[in-house]
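Read the structure below first, then the notes.
The values are calculated or read from the model by the stated rules, or taken from the named source; none is laboratory data. Keep in mind that what you see is a predicted model, and the values were worked out from it rather than measured. Heads up, the Cβs are rebuilt from the backbone with ideal geometry, glycines too, and the neighbour counts pull from every protein chain shown.
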Amino acid sequence: MPTTATTENGSAAAAAARGARAQDEAANIQDNIERLRGDISALAQSISRYGSEKTSEYSERASKAGKDLADASQQTLDSLTEELNRLEHSLATHVRRKPLQSLGIAAGIGFLVALLSRR
């Protein structure tokens, strides 16, 4: 029959083993937490770099679209200016060739505008 001292020694040894296992588990948990912190930090840095790259990419696209729009607008303005100059020259030529007819047309248009504006 085991003596009380032996039982107490066994209980103390079992308690010490449980305490050692608990400390090992706590250390293991702490290591896992530290590893997770490192992973989260690395993930945050990766997301930050990705966001910066995308911001630069979209900024470049917007800048290029703005330049393209400005170029297209300038081409359209140049084309319209050229067309207006051509029409002005054509009108001036027509007035020089047929001044009385041009005067009659201008008077007729003025008369119509006056009639419409009175109503």
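Points worth noting:
- Any hit, region 26-40, residues being at pLDDT below 90 and surrounded by 10 or more Cβ atoms within 10 Å (Cβ to Cβ): yes
- Single match in Leu103, Leu84 (criterion: out of contact with any His (no Cβ under 8 Å at 6 or more places or on another chain), in a helix (DSSP H, G or I), at pLDDT 95 or above and surrounded by 10 or more Cβ atoms within 10 Å (Cβ to Cβ)): Leu84
- Any hit, region 52-71, residues being of a type in the set (S, T, N, Q) and either exposed (fewer than 10 other Cβ atoms within 10 Å of the Cβ) or touching a helix residue (DSSP H, G or I) at 6+ places or on another chain (Cβ under 8 Å) (or both): no
- Look at (1) assigned to a helix (DSSP H, G or I); (2) at pLDDT below 90; (3) loosely packed, with under 10 Cβ neighbours inside 10 Å and you find that Pro2 fails only one, number (1).
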